[in-house]
Structures are given as C-alpha cells and as structure tokens.
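Notes follow the structure.
Derivation of every value follows stated rules applied to the coordinates shown; laboratory data play no part. This structure is a prediction, so every number in the text was calculated from the model and none was measured. Backbone-built Cβ (ideal geometry, glycine too); neighbour counts: all protein chains shown.
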Amino acid sequence: MEFRKTRTVILTEGTPEEKRAEVRDYFHKTYGVEEQLYETLARDEAFYLRSEPLRHPLIFYLGHTAAFYVNKLVVAKIISERINPRFEAMFAIGVDEMSWDDLNEANYDWPAVAEVREYRALVRERIASVIEALPLTLPINWDSPFWAIMMGIEHQRIHLETSSVIIRQMPLDQVRQLPLWAICEDTGVAPQNELLPVAGGEVRLGKSKDHPLYGWDNEFGRHRFTVDDFAASKYLASNREFLEFVEAGGYQTPDFWTEEGRQWLGFSKAEHPLFWIRAGDDYRFRTMVQEVPMPWDWPVEVNYLEAKAFCNWQAKQSGQPIRLPTEDEWYRLHDIHQIPDQPYWETAPGNINLEHWASSCPVNRFAFGDFYDLIGNVWQWTETPINGFDGFEVHPYYDDFSTPTFDTRHNLIKGGSWISTGNEATKDSRYAFRRHFFQHAGFRYVAAEQPLAQAEGMYESDSAVAQYCDAHYGPEKFNVANFPARLAQIAVEAMASRPRGRALDLGCAVGRSSFELARHFEAVTGIDFSARFIRIAFQLQERGVIHYQMAEEGEIVSYHETRLSEFGLEGSGEKIEFAQGDAHNLKPQFTGYDLILAGNLLDRLYDPNRFLTTIHERMTPGGLLIIAAPYTWLEEFTRKENWVGGIRKAGEPFTTLEGLKEQLAGHFTLLGKPQEVEFVLRETARKFQHTISQVTIWERTS
C-alpha cells in the first residue's frame, strides 16, 4: 500500500460511490501508515516509556486514535454500541501541556500492547463496515454523517506527527530504522541567511461551509487584515545560524527571554536545542530513530520560547525590529508566491506530506521564488496566539479541538513539516501549541515595524458557555436563587452527619457546584462532557477570574468579569479535580464517592438507563446520589426508546420519577419527597428561560 503520496479527500466531486471508495482508501492508508510508525519501536516495552515527561506514553496513543473513532461516532449517533467501554474511557482524552506537571501517571493502569492491537483491529473492521453502510450524499460537508468519518481520519493523521515527536525522544536502543522512514542524507555548508523585502497587502482567511476539503472548526469563519511591508528571512533559521546564539551565551542571558521563557529555562535547564546531542566540543543530531553527525544546513528545531529568544538576540545584534512572523504575515508571504495546495499538487513543492524524506533536509533545497521552505521541512512558529475567526462555531462532534487553546497561551505554527499529511498539509490548517511545546518546528524571522496585536484574555463569546457563566456566577434573576449553589446547599444538608470525604459533581458545567461543595468535602471531582465548560472551570481554578460577553440585543453585547472571591470561594479550588468525561463511560479512577450530584444531566444523556443502573459502582455504601432534572426529554439528545419517563406504558402516563424508582430500586432508596428547584438562563436582556428542576435524593443501600 502506498503511504508516501496520500492526499486528503476532495469532498465535493464525483459520484457517491466513487467518494465512498476514496474515503475507504484514505481510511485504510491512514490506519496503515500509523501502524508502520509504531513498527519503529524495537520492543513492546518502549510503549510504556515516558520519553516526553509531559505526555502519556505511546501505549495511550496506540489506543487513542482508535478509541476516537468510536467515541465520535457515538456522539454523532452513527453507532450506538461501544466496542470496549474501558478502552474508550481510558484512551479518550490526551494531554494538553498546560503546565510543567499536569500529567498524573498514577491514575493509569495501561493494558498490554497485544490487547490494544487487538482492539485497534476490531475498530478498523467496525469503521470500515460503517463506511460501507453509511448513507452518502454529495457534497460531504460540516453537517454530513461522513464528516465524522473524516474527522477520525484527520485526527489519526495529526497523531502520526505527534507520536513521531515522542518516538524521537526515546533512547536509541528502543527504536529501529525501517525503509519507509528513511531520512535525507544531503547536508553541506549552511547558506548565509538574509532579509528580503515582502510587499504588504490584504490577507483574507477563513473557510466557508461549502469548502471542498475537510477542516477543523477553527479554520471556518472570516478574517481580513492589511499587512504592512516587512522583510523576511530568505531561509528558515538553520542549525548553524542558531549555533551563533548558543555560543553567544543565549541560554544563559535572561534578557533575551520572555518571563515565560525564563520560567521554562529554570524548569528544563536547557543549554541548546532538544534534538542536539553534545559530543565533546561538537554536536550530533537526533532524527526520529537515528543519531547522525550534525547537519548544520538543516533547520533548527526549537520551541517558541527559544525561537523568540533568538529573535530578541538578533534584534539587539542588528538593531532591526526582528521577531517571528504573525499568522497574517505568514499568509501574505504564502499568497504572494501562489503555492499550490494539497491535494491539488502533482508533487509536493516542499518537504511535506511524507513525499520526500522522514526527516528535515537542507534549508536551501526547496525554492519558492527568492525564498525557501515557505511550506514544509519544519513547522514555523508565529507570534499569533490562536483564536477563532469571526463567525467561529464549535463543531458539535468535537467541542474540545479548538476552544481549550483560545486562552492566549497557544501560538500558531504554520507551513507543516516533513510528516505533516492530510489536513495538516493544507494552506488553511491552523494548529497551535503551548509555547514550551516541542514539535518538528523551527522558525523564519522577520523585520517588521507593524505592532503586534495585543493578545486578549478572551471574553467568552460562545453563547451557550456565556449563558452558563452568567447562570453560575452572574446576578440573580427574578429573585430566583442561584441554581448550582442551591443544589450544593441541598447536597450538604442531605449529607448531615454522613462522611464528607469525596464528592462527584457530574455534569458540573462551569463549576459553581464543585466550588461550593469543596467548602464541605475533603475532595471534589467535577466532570462535564463539554470541554468548553471544563475550560472555564479550569480557568477559575487557576486564575480565580473569568471574562465573558452576554448578548443584550441584536449585535450589542455587554462584557462581564467575575471572580471566585466575590462568593468566598477563592480557596476551594485546591480541593477540586476537573476533568472532561462521559457520564456513561467514566474512567476507572472516578470511584469511591460519598456524594454524587447529577445536576440537570439526566435528560441530556444518550443512554440514561445505563447511567442509572451503573452509577452505584462509583459510590460508597450509604452514599447519596442527588439527581436534578427538568425532565425535558428530546430525541435530539436521547432516543425515545431510552427515555426514563415522560412516555405512556400500556396507554397510561409513565413519569420520569416512576422511571427513576424503577431503575434505581436495586441499589438505592429514595429519601424524602422530591423538591422543585427553579433556575433561570438569560439569553438576552429581555429573554430568559425559566425552568423548574425536580430534585430527588437517593441513598445507596446495596
């Protein structure tokens, strides 16, 4: 099977059966090339090594790309039965490097490689059968069922690249060279870099929903910007050019580094780029699975913090306004040279898409007019923290792809690397990483007088998220008490003299109940399916403050700031663990709770009966389960055959309360009478949703 020149699928052309065959072929080639990547590991033990301390071991990624297909097809309601619920929880969510030490490996009991490979094979067979059977009409677009299939494929291609970075940091005795991953053997004297003029002009970015290629949500919308004239380096910064910074004491001179860069230096103790290996008075170079003599004319590979320090040093040396390019400046340079886009080129015009080598190559190999490597070889760091374009929408199948990065701490990388394939190798791709992150990434520098736009501490503009920020932390509406705070109060009163060890706030949204419960419990876990909500809870936990905007009328909005200290909650975050998770399929470590609060969750579950019949497994004997729900059953969320109540049985009304009693009877006893608790969601200044939630309290008896 040919893996070298695979292209992403054009989604608007051909017949449905031709397109089905193309997607099927793309799927199998994607699965196959990832299998070939993991064949570079010399032995199974390598899958469990933590070569990148801020990432999971590769056993996670071996399972993750397969589990992703299943989890997304369940969300999309394309399939209803899981293949391995334990794996689909364990392998669901990766690690964004939010801090130096976010990964708690103690929570993971990894399965054997053979088990995961068997699981991957089952998933491959299942997805192939879905591709054959799923109805297909053209064009395939954002709303099509086949979009979920493309999402899984393109996600797998992302991890082809990220896993290769982890492999690159493994001990050499744990990896092996295979023919598919042959590196470039060309190297020579590094060319002298120079700044060349670039004419300014308007850039227009953002896809429309009828675009012929798959895209992630952050690629859609509208953005226009006029770029002033600037100058850009002819070549990517080479290893030789960066050596000058190293030998000038760049890593030992704090003035060249940002505050964040100085913190990272203190943590990492770095003295040179990660993939340089000191060899006496010289250096050697680490490719994915080899150590070779230093190719001084290849691009240096560094994180943003190192690239920025180099630019500051270069600015001081030259007296010019040297910095990294912005996203707009990168696109201006791209637009001027009219570079063909994947999948439309005959042959990749740069070292990209795995069409040339499994490594970088000399910076003067691929010309684009007077410049080199405008795409390919290595990713190029920019000065631009990622954000959504005007009109940005979260795709409902994958709400945590982009929004967790809209925090001013994730900078865009552009242009792709030698292993960037599929969507990653298209001009519209927008990927961003924390500034201390290592990818196959280097940089081009510019001399530009145009001021950088100030990175904004985002006012949350997603209307659903902003409404919940307001509902949890905004003012009372119509004298109705704050709903999540009231639920926490009911829970604490119900616990009375019971042990208050651990509490689980399931469906925690943006976290108010979790913070309130943490006043009274030794430890609290807050879990929500929506990464958009969890991101807000994390932000409050880390910084104690959030900003959001609310619709007033039409296009008029108001801006709001709220702090935990306003509610006396500023210290409670230390007791809380927030996590994204599926209430039907929680990870094994989420167990042993004295209280589980499920607030307005029940009638938004796709299989609430499964939730009700298994939730006792997460609780201590005598613990309390508190369920609050307005019983607003909708087939949009829950198939009618899965409704707990609100139906007719034998022609008679069957309420949700009756259904709860039926489902929970084997393990729980209802305490007291149900309570009716109001809540209000504000949509605009003059439009509100006023709802009543029924609260029931259940004691686990067996």
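No solvent, one uniform scatterer per C-alpha: report log10 I(q)/I(0) for the stretch 119-166 via the Debye equation at q = 0.15, 0.27 1/Å, two decimals.
Values, matching the q order: -0.50, -1.03.
First check a/c for the chain, with a ≥ b ≥ c the square roots of the eigenvalues of its C-alpha gyration tensor; if it is under 1.5, answer rounded, and if not, answer prolate when a/b is larger than b/c or oblate otherwise.
Working: a/c = 1.81, a/b = 1.62, b/c = 1.11.
Note, shape of the chain comes out prolate.
Among T6, A665, F401, flag the residue with its Cα farthest along the positive direction of the charge dipole of the chain, charges on Cβ as +1 for Lys/Arg and -1 for Asp/Glu.
A665
Remind me, relative contact order of the stretch 133-271 in percent, using alpha carbon pairs under 8 angstrom and six or more residues apart?
On the way: 91 pairs, mean separation 28.3, N = 139.
The normalised contact order for the stretch 133-271 reaches 20 percent.
For helix 259-268, report the angle its Cα long axis makes with the longest principal axis of the Cα atoms of the chain; keep it between 0 and 90° and round to the nearest 10°.
The helix 259-268 is inclined about 90 degrees to the chain.
Would you calculate the separation in nanometres between label points at Q338 and S80, each defined as 7 Å from the Cα along the Cα-to-beta-carbon direction?
Computed distance between label sites Q338 and S80 equals 5.4 nm.
When a/c is below 1.5 the answer is rounded, else prolate if a/b is larger than b/c, else oblate, so apply that to the stretch 463-700 with a ≥ b ≥ c taken from the square roots of the Cα gyration tensor eigenvalues. Present the calculation step by step, with values, prior to reporting the outcome.
Working: a/c = 1.78, a/b = 1.23, b/c = 1.45.
Oblate.
Work from the charge dipole of the stretch 16-179 (Cβ charges, +1 for Lys and Arg, -1 for Asp and Glu, about the Cα centre) and give the residue of P111, W147, F68 farthest towards its positive end.
Of the options given, the answer is W147.
For E393 and D281 in one chain, what is 0.36 nm times their gap in residues minus the Cα-Cα distance, to one decimal in nm? Before the final figure, lay out the partial values.
On the way: separation 112, 0.36 × 112 = 40.32 nm, distance 5.28 nm.
Contour length minus Cα-Cα distance gives 35.0 nm.
For the stretch 641-702, which trypsin sites (Lys or Arg not before Pro) are both in a DSSP coil and crowded by at most 10 other Cβ atoms within 10 Å? Mind showing how you got there, number by number?
On the way: sites: R648, K649, K661, R682, R686, K687, R700; in loops: R686.
Hits after loop and neighbour filter: R686.
In sequence order, what are the phi-derived ³J(HN,Hα) couplings for the stretch 469-475 according to the Karplus relation 6.51 cos²θ - 1.76 cosθ + 1.60 with θ = phi - 60°, rounded to whole Hz, with x for glycine and proline?
4, 5, 5, 7, 10, x, x
Is the stretch 112-258 best put as rounded, prolate or oblate by its Cα gyration tensor, with a ≥ b ≥ c the root eigenvalues, rounded for a/c under 1.5, and otherwise prolate when a/b is larger than b/c, oblate when not? List each step's numbers first, then the result.
Values: a/c = 2.71, a/b = 1.31, b/c = 2.06.
Note, shape of the stretch 112-258 comes out oblate.
Do the sum for the chain: with -39,500 (n - 2.57) for every DSSP H run of n ≥ 4, divided by all residues, what is the mean residue ellipticity at 222 nm, to the nearest 500 deg cm²/dmol? Display every interim value, and only then the final one.
Details: 15 runs with 194 residues, N = 702.
Value at 222 nm, helices only: -8500 deg cm²/dmol.
Could you run the Karplus curve 6.51 cos²θ - 1.76 cosθ + 1.60 with θ = phi - 60° over the stretch 110-122 and give me ³J(HN,Hα) per residue in whole Hz, x for Gly and Pro?
5, x, 5, 4, 4, 4, 5, 5, 4, 4, 4, 5, 5
Which angle from 0 to 90°, rounded to the nearest 10, does the C-alpha axis of helix 327-336 make with the longest principal axis of the chain?
50
Count charges around V302 for me, please; just the other residues with Cβ under 12 Å from its Cβ, Lys/Arg as +1, Asp/Glu as -1.
Working: positive: K308, R435; negative: E241, E301, E306.
Combined, the nearby Lys, Arg, Asp and Glu give -1.
How high is the relative contact order of the chain, in percent, counting Cα pairs under 8 Å that sit 6 or more residues apart?
Working: 1349 pairs, mean separation 80.4, N = 702.
Computed value for the chain: 11 percent relative contact order.
Report the paramagnetic label zone for Q589: residues of the stretch 515-530 whose backbone N is under 17 Å from a point 7 Å from Cα along the Cα-to-Cβ axis.
523-528
Roughly how far apart, in whole Å, are the Cα centres of the stretch 240-297 and the stretch 582-631?
For the stretch 240-297 versus the stretch 582-631, the Cα centre distance is 50 Å.
In whole Hz, with x marking every Gly and Pro, tabulate ³J(HN,Hα) for the stretch 17-27 from phi via Karplus 6.51 cos²θ - 1.76 cosθ + 1.60, θ = phi - 60°.
For the stretch 17-27, the Karplus curve yields 6, 4, 5, 4, 5, 5, 5, 4, 5, 5, 4 Hz.
Quick one: work out the % antiparallel among DSSP beta bridges in the chain, nearest 5.
Numbers: 64 of 88 bridges.
Of those bridges, close to 75 percent are antiparallel.
Amide H to amide H, which residues 5 or more places from S238 or on other chains are under 5 Å from it, using H placed in the peptide plane?
V300
Exactly which GluC sites (Glu not before Pro) in the stretch 435-525 are in a DSSP loop and have at most 15 other Cβ atoms within 10 Å?
Working: sites: E449, E456, E460, E476, E493, E516, E522; in loops: E449, E456, E476, E522.
Of the GluC sites (Glu not before Pro), the ones in loops of the stretch 435-525 whose Cβ has at most 15 other Cβ atoms within 10 Å are E449, E456, E476, E522.
What FRET efficiency, computed as 1/(1 + (r/R0)^6) with R0 = 35 Å and r the Cβ-Cβ distance, is obtained for R43 and N609, rounded to the nearest 0.05? Mind dumping the intermediate values first?
On the way: r = 44 Å, r/R0 = 1.27.
So, using R0 = 35 Å, E works out to roughly 0.20.
Check the chain for me: any Cys whose beta-carbon has no other cysteine beta-carbon within less than 4.7 Å?
Taking the Cβ cut-off of 4.7 Å, the unpaired cysteines of the chain are C311, C469, C508.
Can you give me the angle between helix 531-543 and the longest principal axis of the chain, using Cα atoms only, in degrees from 0 to 90, rounded to the nearest 10?
For 531-543 against the chain, the angle is about 80 degrees.
In nm, what is the difference between 0.36 nm times the number of residues separating V480 and I647 and their Cα-Cα distance? Walk me through the numbers on the way to the answer.
Values: separation 167, 0.36 × 167 = 60.12 nm, distance 2.98 nm.
Full extension from V480 to I647 adds 57.1 nm.
For the stretch 463-700, what's the relative contact order in percent, using C-alpha pairs closer than 8 Å and at least 6 residues apart? Intermediate results must be reported in sequence, preceding the final value.
Details: 455 pairs, mean separation 47.7, N = 238.
20 percent.
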